[in-house]
Amino acid sequence: MPNDITTDSPVLRVIPRDQHCISRKGISPNALRVLYRLRECGHDAYLVGGAVRDLLVGGNPKDFDLATSATPDEVRALFRNCRVIGRRFRLAHVVFGREIIEVATFRANVDDGSGDRQTHEGGRLLRDNVYGSVEDDAIRRDFTANALYYTIDDFSVRDYVGGFEDVQNRVLRLIGDPETRYREDPVRMLRAVRLAAKLGFRIDDATAAPLHALAPLLAEAAPARLFEECLKMFLSGHAVASFEGLERHGLLRALLPESAAALAANRSGALRRVLIEGLRGTDARVAADEPVSPSFLFALLLWPAYCRTLMSLQAQDVHAADAQRRAADRVTVHQLEAIALPRRFSVPMQEIWLMQSRFGQRQRKRVTRMIAHPRFRAAFDFLLARQAASDDHAEDIAFWREAQLDPDNAIAISSAFEADDEAAAPRRRRRRPRPAQAG
Ligand code: ATP
Ligand code: MG
(Lines give C-alpha, C1' and ligand atoms only; values in the text may rest on other atoms or scores of the structure.)
(Ligands and ions follow the chains in the order given, each with its own letter.)
Protein backbone atom coordinates (compact mmCIF):
# COMPACT_ATOMS: atom_id res chain seq x y z
CA MET A 1 0.00 0.00 0.00
CA PRO A 2 1.55 3.38 -0.95
CA ASN A 3 2.50 5.17 2.20
CA ASP A 4 1.26 8.70 1.50
CA ILE A 5 -2.33 7.44 1.22
CA THR A 6 -2.11 6.01 4.73
CA THR A 7 -1.24 9.35 6.28
CA ASP A 8 -3.00 11.93 4.14
CA SER A 9 -6.44 10.44 4.51
CA PRO A 10 -6.46 7.53 6.87
CA VAL A 11 -9.16 5.05 6.02
CA LEU A 12 -10.52 2.90 8.81
CA ARG A 13 -10.53 -0.83 8.36
CA VAL A 14 -12.30 -2.80 11.08
CA ILE A 15 -11.12 -6.35 11.60
CA PRO A 16 -13.96 -8.14 13.41
CA ARG A 17 -13.34 -10.55 16.29
CA ASP A 18 -13.71 -13.66 14.15
CA GLN A 19 -10.97 -12.49 11.78
CA HIS A 20 -8.15 -12.01 14.28
CA CYS A 21 -6.67 -14.05 17.09
CA ILE A 22 -6.70 -11.57 20.00
CA SER A 23 -8.66 -12.86 22.94
CA ARG A 24 -9.24 -11.16 26.29
CA LYS A 25 -7.43 -14.10 27.90
CA GLY A 26 -4.17 -12.81 26.44
CA ILE A 27 -4.67 -9.32 27.88
CA SER A 28 -3.63 -8.26 31.36
CA PRO A 29 -6.71 -8.15 33.63
CA ASN A 30 -5.53 -4.78 34.94
CA ALA A 31 -5.40 -3.33 31.42
CA LEU A 32 -8.94 -4.62 30.84
CA ARG A 33 -10.06 -3.05 34.13
CA VAL A 34 -8.75 0.34 33.05
CA LEU A 35 -10.31 -0.02 29.59
CA TYR A 36 -13.74 -0.85 31.01
CA ARG A 37 -13.62 2.01 33.52
CA LEU A 38 -12.64 4.56 30.86
CA ARG A 39 -15.44 3.34 28.58
CA GLU A 40 -18.01 3.41 31.43
CA CYS A 41 -17.10 7.03 32.01
CA GLY A 42 -17.74 7.92 28.39
CA HIS A 43 -14.16 8.11 27.11
CA ASP A 44 -12.86 6.40 24.01
CA ALA A 45 -10.21 3.83 24.97
CA TYR A 46 -8.20 1.16 23.21
CA LEU A 47 -5.40 -1.28 23.74
CA VAL A 48 -2.69 -0.16 21.33
CA GLY A 49 0.91 -0.47 20.20
CA GLY A 50 3.27 -3.31 20.97
CA ALA A 51 0.70 -5.37 22.88
CA VAL A 52 -1.74 -5.60 19.95
CA ARG A 53 1.13 -6.30 17.56
CA ASP A 54 2.63 -9.00 19.78
CA LEU A 55 -0.74 -10.69 20.40
CA LEU A 56 -1.38 -10.80 16.65
CA VAL A 57 1.88 -12.66 16.06
CA GLY A 58 1.19 -15.02 18.94
CA GLY A 59 3.65 -13.46 21.37
CA ASN A 60 3.39 -12.54 25.02
CA PRO A 61 3.35 -8.76 25.40
CA LYS A 62 5.49 -7.49 28.26
CA ASP A 63 3.42 -4.40 28.78
CA PHE A 64 -0.06 -3.21 27.88
CA ASP A 65 -0.39 0.36 26.71
CA LEU A 66 -3.71 2.11 26.30
CA ALA A 67 -4.75 5.11 24.21
CA THR A 68 -7.74 7.23 25.19
CA SER A 69 -9.63 10.42 24.45
CA ALA A 70 -9.39 11.34 28.16
CA THR A 71 -6.70 13.85 29.11
CA PRO A 72 -4.05 12.75 31.65
CA ASP A 73 -5.83 14.76 34.35
CA GLU A 74 -9.18 13.16 33.52
CA VAL A 75 -7.53 9.73 33.77
CA ARG A 76 -6.02 10.67 37.12
CA ALA A 77 -9.44 11.70 38.41
CA LEU A 78 -10.80 8.23 37.63
CA PHE A 79 -8.15 6.12 39.34
CA ARG A 80 -6.82 6.47 42.87
CA ASN A 81 -3.70 4.53 41.87
CA CYS A 82 -2.75 6.91 39.07
CA ARG A 83 0.07 9.38 38.58
CA VAL A 84 0.82 11.69 35.69
CA ILE A 85 4.39 11.64 34.42
CA GLY A 86 6.53 13.20 31.70
CA ARG A 87 7.01 16.66 30.25
CA ARG A 88 7.86 16.07 26.63
CA PHE A 89 5.09 13.53 26.53
CA ARG A 90 2.56 13.66 29.43
CA LEU A 91 1.21 10.24 30.34
CA ALA A 92 -0.96 8.68 33.02
CA HIS A 93 0.36 5.62 34.80
CA VAL A 94 -2.20 3.46 36.55
CA VAL A 95 -0.31 1.38 39.08
CA PHE A 96 -1.33 -2.11 40.20
CA GLY A 97 1.43 -3.43 42.45
CA ARG A 98 4.30 -4.18 40.11
CA GLU A 99 2.28 -3.71 36.96
CA ILE A 100 1.93 -0.28 35.40
CA ILE A 101 -0.71 0.36 32.76
CA GLU A 102 0.39 3.29 30.64
CA VAL A 103 -2.50 5.43 29.44
CA ALA A 104 -1.69 7.98 26.74
CA THR A 105 -4.09 10.59 25.44
CA PHE A 106 -4.62 10.57 21.65
CA ARG A 107 -2.00 12.83 20.12
CA ALA A 108 -1.66 14.63 16.83
CA ASN A 109 1.43 15.02 14.70
CA VAL A 110 0.60 18.57 13.62
CA ASP A 111 1.83 21.96 14.71
CA ASP A 112 -1.17 23.97 15.87
CA GLY A 113 0.98 26.99 16.75
CA SER A 114 0.26 26.70 20.47
CA GLY A 115 3.85 25.85 21.31
CA ASP A 116 2.72 22.50 22.65
CA ARG A 117 4.50 20.93 19.78
CA GLN A 118 8.00 22.18 19.12
CA THR A 119 10.39 20.97 16.49
CA HIS A 120 14.05 21.67 16.20
CA GLU A 121 15.37 22.99 12.88
CA GLY A 122 16.44 19.51 11.72
CA GLY A 123 12.84 18.37 12.14
CA ARG A 124 13.40 16.68 15.49
CA LEU A 125 10.45 16.50 17.89
CA LEU A 126 11.05 18.23 21.20
CA ARG A 127 7.61 18.37 22.77
CA ASP A 128 4.62 16.43 21.71
CA ASN A 129 1.56 17.33 23.74
CA VAL A 130 -1.01 18.30 21.14
CA TYR A 131 -4.04 16.15 21.73
CA GLY A 132 -6.00 14.86 18.76
CA SER A 133 -8.36 12.23 17.41
CA VAL A 134 -7.72 8.51 17.25
CA GLU A 135 -6.85 8.91 13.54
CA ASP A 136 -4.26 11.55 14.43
CA ASP A 137 -2.92 9.25 17.10
CA ALA A 138 -2.56 6.38 14.64
CA ILE A 139 -0.54 8.28 12.06
CA ARG A 140 1.88 9.85 14.55
CA ARG A 141 3.00 6.37 15.68
CA ASP A 142 6.15 4.92 14.18
CA PHE A 143 5.35 1.67 12.37
CA THR A 144 2.08 0.47 10.88
CA ALA A 145 2.30 -2.69 13.03
CA ASN A 146 2.42 -0.45 16.12
CA ALA A 147 -0.69 1.52 15.21
CA LEU A 148 -3.45 -1.04 15.68
CA TYR A 149 -6.28 -0.41 18.16
CA TYR A 150 -8.16 -3.15 19.97
CA THR A 151 -11.53 -2.22 21.43
CA ILE A 152 -13.60 -3.95 24.11
CA ASP A 153 -16.79 -2.55 22.53
CA ASP A 154 -16.97 -5.36 20.00
CA PHE A 155 -13.47 -6.89 20.39
CA SER A 156 -12.46 -5.76 16.90
CA VAL A 157 -9.11 -4.39 15.81
CA ARG A 158 -9.19 -0.96 14.19
CA ASP A 159 -6.59 -0.16 11.56
CA TYR A 160 -6.02 3.26 9.95
CA VAL A 161 -2.65 2.63 8.30
CA GLY A 162 -2.63 -0.86 6.80
CA GLY A 163 -0.92 -2.33 9.84
CA PHE A 164 -3.02 -5.47 10.02
CA GLU A 165 -1.99 -6.54 6.54
CA ASP A 166 1.64 -5.66 7.28
CA VAL A 167 1.61 -7.81 10.42
CA GLN A 168 0.17 -10.69 8.44
CA ASN A 169 2.87 -10.27 5.81
CA ARG A 170 5.47 -9.76 8.55
CA VAL A 171 6.60 -6.41 7.21
CA LEU A 172 7.82 -3.50 9.30
CA ARG A 173 6.86 -0.25 7.59
CA LEU A 174 7.15 3.33 8.81
CA ILE A 175 4.00 5.40 8.64
CA GLY A 176 4.42 8.38 6.32
CA ASP A 177 7.60 9.56 4.63
CA PRO A 178 10.48 7.53 6.11
CA GLU A 179 13.11 10.25 5.93
CA THR A 180 10.86 12.79 7.65
CA ARG A 181 9.97 10.32 10.37
CA TYR A 182 13.62 9.44 11.04
CA ARG A 183 14.55 13.11 11.17
CA GLU A 184 11.78 13.76 13.70
CA ASP A 185 13.20 11.06 15.93
CA PRO A 186 16.43 9.26 14.92
CA VAL A 187 15.89 6.59 17.59
CA ARG A 188 13.24 5.20 15.23
CA MET A 189 16.14 3.87 13.14
CA LEU A 190 17.19 1.65 16.03
CA ARG A 191 13.59 0.71 16.73
CA ALA A 192 13.25 -0.47 13.12
CA VAL A 193 16.20 -2.83 13.50
CA ARG A 194 15.19 -3.97 16.98
CA LEU A 195 11.54 -4.68 16.16
CA ALA A 196 12.45 -6.46 12.91
CA ALA A 197 14.87 -8.64 14.88
CA LYS A 198 12.41 -9.28 17.68
CA LEU A 199 9.44 -10.09 15.47
CA GLY A 200 11.32 -11.75 12.63
CA PHE A 201 9.82 -9.13 10.28
CA ARG A 202 11.34 -7.85 7.06
CA ILE A 203 11.96 -4.10 6.98
CA ASP A 204 10.06 -2.68 4.02
CA ASP A 205 12.39 -1.35 1.28
CA ALA A 206 11.32 2.29 1.54
CA THR A 207 11.66 2.11 5.34
CA ALA A 208 15.14 0.59 5.10
CA ALA A 209 16.45 2.76 2.26
CA PRO A 210 17.32 5.97 4.21
CA LEU A 211 19.00 4.19 7.11
CA HIS A 212 22.56 4.23 5.76
CA ALA A 213 22.47 7.90 4.86
CA LEU A 214 20.68 9.06 8.01
CA ALA A 215 22.68 6.94 10.48
CA PRO A 216 24.82 9.94 11.57
CA LEU A 217 21.65 11.56 13.01
CA LEU A 218 21.91 9.12 15.89
CA ALA A 219 24.65 11.34 17.26
CA GLU A 220 21.95 13.93 18.01
CA ALA A 221 19.72 11.56 19.94
CA ALA A 222 19.61 11.89 23.72
CA PRO A 223 22.35 9.61 25.14
CA ALA A 224 20.01 8.25 27.81
CA ARG A 225 17.53 7.10 25.16
CA LEU A 226 20.32 5.42 23.21
CA PHE A 227 21.38 3.58 26.33
CA GLU A 228 17.80 2.42 27.00
CA GLU A 229 17.39 1.35 23.40
CA CYS A 230 20.65 -0.63 23.57
CA LEU A 231 19.37 -2.54 26.57
CA LYS A 232 16.14 -3.34 24.75
CA MET A 233 18.03 -4.32 21.60
CA PHE A 234 20.56 -6.60 23.26
CA LEU A 235 19.01 -7.88 26.48
CA SER A 236 15.63 -9.07 25.21
CA GLY A 237 16.72 -12.31 23.58
CA HIS A 238 17.39 -10.99 20.06
CA ALA A 239 20.88 -9.62 20.44
CA VAL A 240 22.53 -11.45 17.53
CA ALA A 241 19.77 -10.55 15.07
CA SER A 242 19.78 -6.93 16.28
CA PHE A 243 23.55 -6.68 15.93
CA GLU A 244 23.44 -8.07 12.41
CA GLY A 245 20.63 -5.65 11.57
CA LEU A 246 22.70 -2.71 12.82
CA GLU A 247 25.63 -3.83 10.67
CA ARG A 248 23.50 -4.43 7.60
CA HIS A 249 21.88 -1.00 7.74
CA GLY A 250 25.01 1.00 8.50
CA LEU A 251 23.89 1.90 12.03
CA LEU A 252 26.66 0.19 13.97
CA ARG A 253 29.25 2.79 13.01
CA ALA A 254 26.91 5.52 14.27
CA LEU A 255 26.00 3.78 17.53
CA LEU A 256 29.38 2.25 18.48
CA PRO A 257 31.89 4.02 16.22
CA GLU A 258 35.07 2.75 17.85
CA SER A 259 33.97 -0.86 17.91
CA ALA A 260 32.72 -0.63 14.33
CA ALA A 261 36.12 0.74 13.23
CA ALA A 262 37.98 -1.97 15.15
CA LEU A 263 35.81 -4.68 13.59
CA ALA A 264 36.41 -3.29 10.12
CA ALA A 265 40.17 -3.26 10.71
CA ASN A 266 40.30 -6.78 12.15
CA ARG A 267 40.88 -8.86 9.02
CA SER A 268 40.87 -12.25 10.74
CA GLY A 269 37.33 -11.63 12.01
CA ALA A 270 38.35 -12.83 15.50
CA LEU A 271 36.88 -9.78 17.26
CA ARG A 272 33.56 -10.15 15.53
CA ARG A 273 33.42 -13.82 16.45
CA VAL A 274 33.91 -13.03 20.14
CA LEU A 275 31.15 -10.47 19.99
CA ILE A 276 28.70 -12.72 18.18
CA GLU A 277 29.50 -15.66 20.48
CA GLY A 278 28.96 -13.46 23.52
CA LEU A 279 25.66 -12.15 22.18
CA ARG A 280 24.57 -15.68 21.34
CA GLY A 281 25.26 -16.60 24.97
CA THR A 282 23.26 -13.59 26.12
CA ASP A 283 20.30 -14.67 23.97
CA ALA A 284 20.52 -18.19 25.38
CA ARG A 285 20.48 -16.82 28.92
CA VAL A 286 17.40 -14.70 28.21
CA ALA A 287 15.68 -17.73 26.66
CA ALA A 288 16.48 -19.75 29.79
CA ASP A 289 15.23 -16.93 32.05
CA GLU A 290 18.70 -16.41 33.52
CA PRO A 291 19.82 -12.94 34.51
CA VAL A 292 21.83 -10.80 32.06
CA SER A 293 23.80 -7.69 32.93
CA PRO A 294 24.40 -4.42 31.11
CA SER A 295 28.05 -4.49 32.28
CA PHE A 296 28.71 -7.79 30.54
CA LEU A 297 26.81 -6.62 27.48
CA PHE A 298 28.85 -3.43 27.11
CA ALA A 299 32.06 -5.33 27.85
CA LEU A 300 31.19 -7.38 24.75
CA LEU A 301 30.01 -4.52 22.56
CA LEU A 302 33.08 -2.41 23.31
CA TRP A 303 35.60 -5.26 23.41
CA PRO A 304 36.75 -4.58 19.83
CA ALA A 305 37.31 -0.90 20.69
CA TYR A 306 39.17 -1.87 23.86
CA CYS A 307 41.44 -4.39 22.08
CA ARG A 308 42.27 -1.97 19.30
CA THR A 309 43.06 0.89 21.68
CA LEU A 310 45.13 -1.44 23.80
CA MET A 311 47.15 -2.63 20.82
CA SER A 312 47.90 0.89 19.71
CA LEU A 313 49.08 1.84 23.22
CA GLN A 314 51.22 -1.27 23.40
CA ALA A 315 52.70 -0.40 20.02
CA GLN A 316 53.79 2.86 21.63
CA ASP A 317 55.60 0.80 24.27
CA VAL A 318 53.26 1.67 27.12
CA HIS A 319 53.72 -0.90 29.88
CA ALA A 320 51.06 -3.67 29.75
CA ALA A 321 49.12 -2.96 32.96
CA ASP A 322 49.20 0.76 32.32
CA ALA A 323 48.09 0.31 28.73
CA GLN A 324 45.13 -1.81 29.82
CA ARG A 325 43.93 0.78 32.31
CA ARG A 326 44.36 3.60 29.84
CA ALA A 327 42.62 1.71 27.03
CA ALA A 328 39.69 0.89 29.32
CA ASP A 329 39.37 4.51 30.41
CA ARG A 330 39.70 5.91 26.92
CA VAL A 331 37.02 3.67 25.45
CA THR A 332 34.69 4.33 28.37
CA VAL A 333 35.03 8.10 28.15
CA HIS A 334 34.50 8.15 24.38
CA GLN A 335 31.48 5.94 24.60
CA LEU A 336 30.03 7.78 27.58
CA GLU A 337 29.64 10.88 25.45
CA ALA A 338 27.49 9.05 22.94
CA ILE A 339 25.61 6.55 25.10
CA ALA A 340 25.17 7.55 28.71
CA LEU A 341 26.51 4.34 30.15
CA PRO A 342 26.03 4.80 33.92
CA ARG A 343 29.05 4.33 36.18
CA ARG A 344 27.46 1.44 37.98
CA PHE A 345 27.81 -0.44 34.70
CA SER A 346 31.01 1.05 33.28
CA VAL A 347 33.10 0.22 36.35
CA PRO A 348 32.27 -3.53 36.30
CA MET A 349 32.60 -3.48 32.49
CA GLN A 350 36.19 -2.31 32.87
CA GLU A 351 36.86 -4.92 35.53
CA ILE A 352 35.72 -7.65 33.15
CA TRP A 353 38.24 -6.39 30.57
CA LEU A 354 41.12 -5.97 32.97
CA MET A 355 40.59 -9.44 34.42
CA GLN A 356 41.03 -11.04 30.99
CA SER A 357 44.80 -10.67 31.26
CA ARG A 358 44.87 -12.32 34.68
CA PHE A 359 43.66 -15.77 33.66
CA GLY A 360 47.30 -16.78 33.10
CA GLN A 361 48.02 -16.45 36.83
CA ARG A 362 48.83 -19.59 38.77
CA GLN A 363 50.17 -18.37 42.13
CA ARG A 364 48.05 -19.54 45.06
CA LYS A 365 47.45 -16.09 46.53
CA ARG A 366 46.51 -14.53 43.20
CA VAL A 367 44.29 -17.43 42.25
CA THR A 368 42.23 -17.20 45.44
CA ARG A 369 42.02 -13.43 45.15
CA MET A 370 40.82 -13.72 41.57
CA ILE A 371 38.13 -16.27 42.45
CA ALA A 372 36.90 -14.10 45.32
CA HIS A 373 36.58 -11.07 43.03
CA PRO A 374 32.92 -10.03 42.67
CA ARG A 375 33.40 -9.89 38.89
CA PHE A 376 35.06 -13.29 38.58
CA ARG A 377 31.98 -15.09 37.27
CA ALA A 378 31.34 -12.46 34.60
CA ALA A 379 35.01 -12.29 33.60
CA PHE A 380 35.11 -16.08 33.31
CA ASP A 381 31.95 -16.12 31.17
CA PHE A 382 33.64 -13.52 29.01
CA LEU A 383 36.64 -15.80 28.61
CA LEU A 384 34.24 -18.56 27.52
CA ALA A 385 32.91 -16.31 24.76
CA ARG A 386 36.50 -15.63 23.66
CA GLN A 387 37.19 -19.36 23.67
CA ALA A 388 34.09 -20.19 21.62
CA ALA A 389 35.37 -17.73 19.03
CA SER A 390 39.04 -18.69 18.86
CA ASP A 391 39.83 -21.85 20.80
CA ASP A 392 42.94 -20.21 22.31
CA HIS A 393 41.98 -20.35 25.94
CA ALA A 394 41.28 -24.03 26.62
CA GLU A 395 44.09 -24.44 29.15
CA ASP A 396 43.08 -21.39 31.17
CA ILE A 397 39.45 -22.45 31.14
CA ALA A 398 40.28 -25.94 32.40
CA PHE A 399 42.48 -24.42 35.12
CA TRP A 400 39.87 -21.93 36.37
CA ARG A 401 37.06 -24.48 36.24
CA GLU A 402 39.08 -26.67 38.56
CA ALA A 403 40.32 -23.72 40.62
CA GLN A 404 36.76 -22.77 41.51
CA LEU A 405 36.24 -26.23 42.98
CA ASP A 406 39.71 -26.87 44.41
CA PRO A 407 42.40 -24.22 43.90
CA ASP A 408 45.22 -26.37 45.30
CA ASN A 409 44.45 -29.22 42.97
CA ALA A 410 44.24 -26.87 39.99
CA ILE A 411 47.63 -25.41 40.84
CA ALA A 412 49.14 -28.86 41.37
CA ILE A 413 47.87 -30.10 37.99
CA SER A 414 49.03 -26.95 36.27
CA SER A 415 52.56 -27.10 37.70
CA ALA A 416 52.84 -30.78 36.79
CA PHE A 417 52.04 -29.79 33.22
CA GLU A 418 54.54 -26.95 33.35
CA ALA A 419 57.23 -29.33 34.65
CA ASP A 420 56.49 -31.74 31.77
CA ASP A 421 56.64 -28.89 29.30
CA GLU A 422 59.91 -27.67 30.68
CA ALA A 423 61.44 -31.12 30.58
CA ALA A 424 60.45 -31.37 26.94
CA ALA A 425 61.51 -27.82 26.06
CA PRO A 426 63.89 -26.56 28.75
CA ARG A 427 64.32 -23.07 27.36
CA ARG A 428 60.60 -22.27 27.28
CA ARG A 429 59.91 -19.03 29.11
CA ARG A 430 57.93 -19.23 32.32
CA ARG A 431 54.30 -18.27 32.18
CA ARG A 432 53.47 -14.67 32.87
CA PRO A 433 50.28 -12.68 32.95
CA ARG A 434 49.58 -11.92 29.33
CA PRO A 435 48.17 -8.79 27.80
CA ALA A 436 44.74 -9.20 26.28
CA GLN A 437 45.02 -9.95 22.59
CA ALA A 438 42.49 -9.55 19.87
CA GLY A 439 40.06 -12.40 20.46
P1 ATP B 1 8.26 -3.22 22.91
O2 ATP B 1 7.99 -4.59 22.47
O3 ATP B 1 9.69 -2.93 22.99
O4 ATP B 1 7.52 -2.76 24.12
P5 ATP B 1 6.67 -1.24 21.65
O6 ATP B 1 6.30 -1.00 20.22
O7 ATP B 1 5.56 -1.52 22.58
O8 ATP B 1 7.76 -2.36 21.67
P9 ATP B 1 7.18 1.04 23.28
O10 ATP B 1 8.43 1.83 23.43
O11 ATP B 1 6.59 0.34 24.44
O12 ATP B 1 7.47 0.02 22.12
O13 ATP B 1 6.13 2.04 22.63
C14 ATP B 1 4.72 1.80 22.64
C15 ATP B 1 4.10 2.37 21.37
O16 ATP B 1 4.32 3.78 21.29
C17 ATP B 1 4.66 1.82 20.08
O18 ATP B 1 4.06 0.59 19.71
C19 ATP B 1 4.37 2.93 19.10
O20 ATP B 1 3.03 2.89 18.69
C21 ATP B 1 4.56 4.17 19.94
N22 ATP B 1 5.95 4.67 19.86
C23 ATP B 1 7.00 4.33 20.65
N24 ATP B 1 8.11 4.98 20.31
C25 ATP B 1 7.78 5.77 19.28
C26 ATP B 1 8.50 6.70 18.48
N27 ATP B 1 9.80 6.94 18.69
N28 ATP B 1 7.82 7.34 17.50
C29 ATP B 1 6.51 7.13 17.30
N30 ATP B 1 5.80 6.26 18.00
C31 ATP B 1 6.39 5.59 18.98
MG1 MG C 1 5.69 -1.63 24.72
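The values are calculated or read from the model by the stated rules, or taken from the named source; none is laboratory data. Nothing here was measured: the structure is a model prediction, and the numbers come from that model. Note that we place each Cβ from the backbone using ideal geometry, even for glycine, and neighbour counts take in every protein chain shown. The accessibility values were calculated without ligands, DNA or RNA, using every heavy atom of the protein model including side chains. Shrake-Rupley method; radii C 1.70, N 1.55, O 1.52, S 1.80 Å.
In table form, for the structure just shown:
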read-out: Within a Gaussian network of the chain (alpha carbon springs, distance under 10 Å), most fluctuating of L211, L32, L275; value: L32
read-out: Share antiparallel - DSSP beta bridges, the range 3-176, percent rounded to 5; value: 85 percent
read-out: Helix-only [θ]222 nm of the chain, DSSP H runs n ≥ 4, -39500 (n - 2.57) each, per residue, nearest 500; value: -15500 deg cm²/dmol
read-out: Taking N as its residue count, the alpha carbon Rg of the range 3-176 over 2.2 N^0.38 Å; value: 1.01
read-out: Solvent-accessible area, 1.4 Å probe, carbon plus sulfur percent, for the chain; value: 50 percent
read-out: Formal net charge of residues neighbouring F243 (Cβ-Cβ distance under 14 Å; K, R +1; D, E -1); value: +3
read-out: The chain, accessible area per residue, ligands and nucleic acids excluded (1.4 Å, Å²); value: 47 Å²
read-out: Candidate lysines for bridging to K25, where Cα separation is under 20 Å - those fewer than 8 sequence places away on the same chain excluded; value: K62
read-out: Computed accessible area, E351, all protein chains, 1.4 angstrom probe, square angstrom; value: 50 Å²
read-out: Separation of alpha-carbon centers, the range 365-392 and the range 234-269, rounded to whole Å; value: 24 Å
read-out: Convex hull volume per residue in cubic angstrom - Cα atoms of the range 256-424; value: 139 Å³
read-out: Cβ charges +1 (Lys, Arg) and -1 (Asp, Glu), total dipole of the chain, debye; value: 1780 debye
read-out: Gain in span if fully extended, D154 to L231, counting 0.36 nm per residue against the direct Cα distance; value: 24.0 nm
read-out: Given charges at Cβ of Lys, Arg, Asp, Glu: the range 3-176 dipole, positive-most of F155, P29, F106; value: P29
read-out: Candidates M311, M233, M189: whichever shows maximal mean-square fluctuation once the chain is modelled as a Gaussian network with Cα springs under 10 Å; value: M311
read-out: Relative counts (whole %) of C-alpha pair distances in the range 226-331, using bins that are 5 Å wide; value: 2, 13, 21, 24, 18, 12, 7, 3, 0
read-out: Solvent-accessible area of C21 with every protein chain in place, 1.4 Å probe, in Å² to the nearest 10; value: 80 Å²
read-out: Bridge type composition, the chain - antiparallel percent by DSSP, nearest 5; value: 80 percent
read-out: Rounded to 10°, Cα long-axis angle of helix 407-424 versus longest principal axis of the chain; value: 50 degrees
read-out: D_trans [Stokes-Einstein, Kirkwood Rh over alpha-carbon pairs] for the chain, 25 °C, 0.890 mPa s, µm² s⁻¹; value: 100 µm²/s
